[in-house]
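Working notes for the structure below.
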Amino acid sequence: MQPNLTIIDHPLVQHKLTIMRDKETPTSQFRQLLREISLLLGYEVTKDLALEPIDVETPVEKGNFRRLAGKKLCFISILRAGNGLLEGLLDLVPSARAGHIGLYRDPETLQPVEYYFKVPHSLSERTVIVVDPMLATAGSAIAAVERIKGAGAKEIKFLCLVASPEGVEAFCGAHADVPVFSAAVDDRLNDHGYIVPGLGDAGDRIYGTK
Ligand code: PRP
Ligand code: URA
């Protein structure tokens with residue numbers, strides 16, 4: 001087990017993920033479950049955010065409470081499947097900024113091909129959480145994080161739903177400074193670079209394109 005891998009083993013996450021894995025689960029339910037899961041994953045991935053004290057006057061009395069402090073959050077979605085996680089995360093932290101990196105995996109070479117990149121400025125002053133449901137060969141995630149580091153980000157986390165052992169090893173080897181959060185690490189990759197047992201092609205299952 002990689003030292004910077006956190007498995008999010010919450011019963012609700014595991015239950016919802018099991019339904020998502022079922023090939024009979026329709027697109028509408030898959031998308032809804034991914035949105036629900038993103039809130040639970042977001043809760044875990046943000047649990048070390050710093051707090052600062054603040055005085056607030058309630059209708060009853062003045063008190064000293066806590067609010068988020070320090071660096072602002074930025075979620076960066078690896079298109080297209082990352083958007084299935086992004087929407088719920090933005091509900092959880094409405095003040096967060098969002099960025100998008102468009103990458104698809106060439107079906108022959110399995111190498112990531114970039115087609116879009118738009119991120120907020122001042123990434124160096126933000127905690128950046130890169131999101132994509134699937135970490136398979138890790139080619140996409142490694143390339144995305146390289147690009148995001150190149151844009152100035154210093155503090156980065158990577159959040160996914162299902163990873164392969166090969167993907168976790170490759171990603172942690174390439175970006176040892178980036179903690180990885182996943183709901184599951186499955187058995188292996190198949191010859192086509194799909195996670196086994198996995199849940200199939202996340203983008204196709206979210207958007208019904210197959
Ligand atoms: C999927 C997934 C990841 C990538 C993972 O995207 O959402 O981005 O594959 O594979 P890797 O770890 O081997 O790089 P895909 O390329 O199918 O694009 P899509 O989201 O546009 O469907
Ligand atoms: N991309 C996916 O969407 N699923 C996999 O299993 C591998 C890559």
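What follows is calculated from the coordinates using simple rules that are stated; it is not laboratory data. If you're wondering where the values come from, they're calculated on a predicted model, not measured in any experiment. For neighbour counting, all protein chains shown are included, and Cβ atoms are generated from backbone atoms with ideal geometry for every residue, glycine included.
Numerical summary
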{"read-out": "Tail beyond 14 Å, pair distance distribution of region 142-210 (Cα, percent)", "value": "64 percent"}
{"read-out": "Quarter of Cα convex hull surface for region 34-80, i.e. mean projection, nm²", "value": "5.1 nm²"}
{"read-out": "Of Lys71/Lys154; Lys16/Lys47; Lys16/Lys157; Lys16/Lys72; Lys72/Lys154, pairs whose Cα-Cα distance is over 18 Å", "value": "Lys16/Lys47; Lys16/Lys157; Lys16/Lys72"}
{"read-out": "Spin-label model distance (nm) - Asp191 vs Glu36, 7 Å beyond Cα toward Cβ", "value": "3.8 nm"}
{"read-out": "Distance between region 51-67 and region 178-194 - C-alpha centres, whole angstrom", "value": "43 Å"}
{"read-out": "In sequence order, calculated HN-Hα J values of region 98-103 (Karplus, 6.51, -1.76, 1.60; Hz; x Gly/Pro)", "value": "9, x, 9, 10, x, 9"}
{"read-out": "Antiparallel bridges, percent of DSSP beta bridges restricted to region 1-139 (to nearest 5)", "value": "50 percent"}
{"read-out": "Stokes-Einstein D in µm²/s, Kirkwood radius over Cα pairs - region 38-147 at 4 °C with 1.567 mPa s viscosity", "value": "83 µm²/s"}
{"read-out": "Length-normalised contact order of region 125-210 in % [C-alpha pairs under 8 Å, at least 6 apart]", "value": "29 percent"}
{"read-out": "Within straight-line cross-link reach of Lys210, lysines at Cα separation under 21 Å, skipping those fewer than 8 residues along the same chain", "value": "Lys23"}
{"read-out": "Taking the chain and dividing mean pair separation by its residue count, relative contact order in percent (alpha carbons under 8 Å, at least six apart)", "value": "22 percent"}
{"read-out": "Rg over Rh [alpha-carbon atoms, Kirkwood Rh] for region 57-111", "value": "1.30"}
{"read-out": "Antiparallel bridges, percent of DSSP beta bridges restricted to region 120-210 (to nearest 5)", "value": "15 percent"}
{"read-out": "In Å, descending, principal axis extents of the Cα set of the chain", "value": "63, 38, 32"}
{"read-out": "Protection proxy ranking, peptides 174-182, 108-116, 26-34, average beta carbon neighbours within 10 Å, highest first", "value": "174-182, 26-34, 108-116"}
{"read-out": "Vicinal HN-Hα couplings computed from phi for region 27-39 (Karplus, 6.51 cos²θ - 1.76 cosθ + 1.60; Hz; Gly/Pro x)", "value": "3, 4, 6, 4, 5, 5, 5, 5, 5, 5, 4, 4, 5"}
{"read-out": "Peptides ranked, highest mean first, by Cβ atoms within 10 Å: ranges 79-90, 43-54, 195-206", "value": "79-90, 195-206, 43-54"}
{"read-out": "Relative exposure of Ile76, Ile142, judged by other C-beta atoms within 10 Å (fewest first)", "value": "Ile142, Ile76"}
{"read-out": "Residues Arg35, Arg67 arranged by fewest to most Cβ contacts within 10 Å", "value": "Arg67, Arg35"}
